[in-house]
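Asks: Can you keep this structure in mind? I'll have questions shortly.
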Amino acid sequence: MSKNRKAEVEEAQKSIDFAKNKYQIVLDTSLGKITLDMDREKAPGHSRNMIALAKIGYYDNLIFHRVIEGFMIQG
């Protein structure tokens, strides 16, 4: 089981400034890159959390085990 990384995420969140920056997350997959635009207005908490997790490397080498084409991926 992976360790609790809450403190790392909270620290990374401190550097996120939606007023000054627009954020994207790029997923580099075996089928090409997927760029996600983080929508701070519709999902501010989710956006902040995903950005912070990406900053600490949480998603590095993550395998997506469920793919529904045109709808969603689950890692």
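Asks: Out of A43, A52, report the one residue that is surrounded by 10 or more Cβ atoms within 10 Å (Cβ to Cβ) and under 9 Å from the mean Cα position of the chain (by Cα).
Replies: On the way: A43 fails: under 9 Å from the mean Cα position of the chain (by Cα).
Step by step, each of A43, A52 is checked, and only A52 is surrounded by 10 or more Cβ atoms within 10 Å (Cβ to Cβ) and under 9 Å from the mean Cα position of the chain (by Cα).
Asks: Moving on to the next point. For the stretch 1-36, which positions are open to solvent by less than 100 Å² (accessible area, probe 1.4 Å), more than 17 Å from N61 (Cβ to Cβ), polar (S, T, N, Q) and part of a strand (DSSP E or B)?
Replies: T35, the sole residue that qualifies.
Asks: Within the stretch 42-59, can one find any residue that is among the polar types (S, T, N, Q) and at negative phi? Step through it out loud before you land on a result.
Replies: First, the residues of the stretch 42-59 that are among the polar types (S, T, N, Q): 47, 49.
Within this subset, residues satisfying the condition of being at negative phi are 47, 49.
Yes, the stretch 42-59 contains a residue that is among the polar types (S, T, N, Q) and at negative phi.
Asks: Are there any pairs, at least 6 apart or on different chains, whose C-beta atoms fall under 6 Å, with the first in the stretch 2-18 and closer than 12 Å to N49 by Cα and the second outside any loop (DSSP other than H, G, I, E, B) and open to solvent by 50 Å² or more (accessible area, probe 1.4 Å), and if so, which?
Replies: A12/K55; Q13/R48; I16/R48
Asks: Now for a separate question. Please go through the stretch 38-75 and give me each residue that is among the hydrophobic types (A, V, I, L, M, F, W, C) and over 17 Å from K3 (Cα atoms), ordered by number.
Replies: M38, A43, M50, I51, I63, F64, V67, I68, F71, M72, I73
Asks: Report yes if I56 is in contact with an Asp or Glu (Cβ under 6 Å, 6 or more places away or on another chain) and in contact (Cβ under 8 Å) with a residue 24 or more places away in the chain, otherwise no. Walk me through it before giving the result.
Replies: Values: in contact with an Asp or Glu (Cβ under 6 Å, 6 or more places away or on another chain): yes; in contact (Cβ under 8 Å) with a residue 24 or more places away in the chain: yes.
In short, yes.
Asks: Sticking with this one: Of the residues that make up the stretch 12-33, is at least one under 17 Å from I73 (Cα atoms), under 12 Å from the mean Cα position of the chain (by Cα) and among the charged types (D, E, K, R)?
Replies: The answer is no, given that none of the residues of the stretch 12-33 is under 17 Å from I73 (Cα atoms), under 12 Å from the mean Cα position of the chain (by Cα) and among the charged types (D, E, K, R).
The values are calculated or read from the model by the stated rules, or taken from the named source; none is laboratory data. These numbers come from a predicted model, not from an experiment. Please note: Cβ atoms are built from the backbone with ideal geometry, for glycine as well, and neighbour counts cover all protein chains shown. When the accessible area is computed, the model is the full protein with side chains, heavy atoms only, and any ligands, DNA or RNA have been set aside. Shrake-Rupley method; radii C 1.70, N 1.55, O 1.52, S 1.80 Å.
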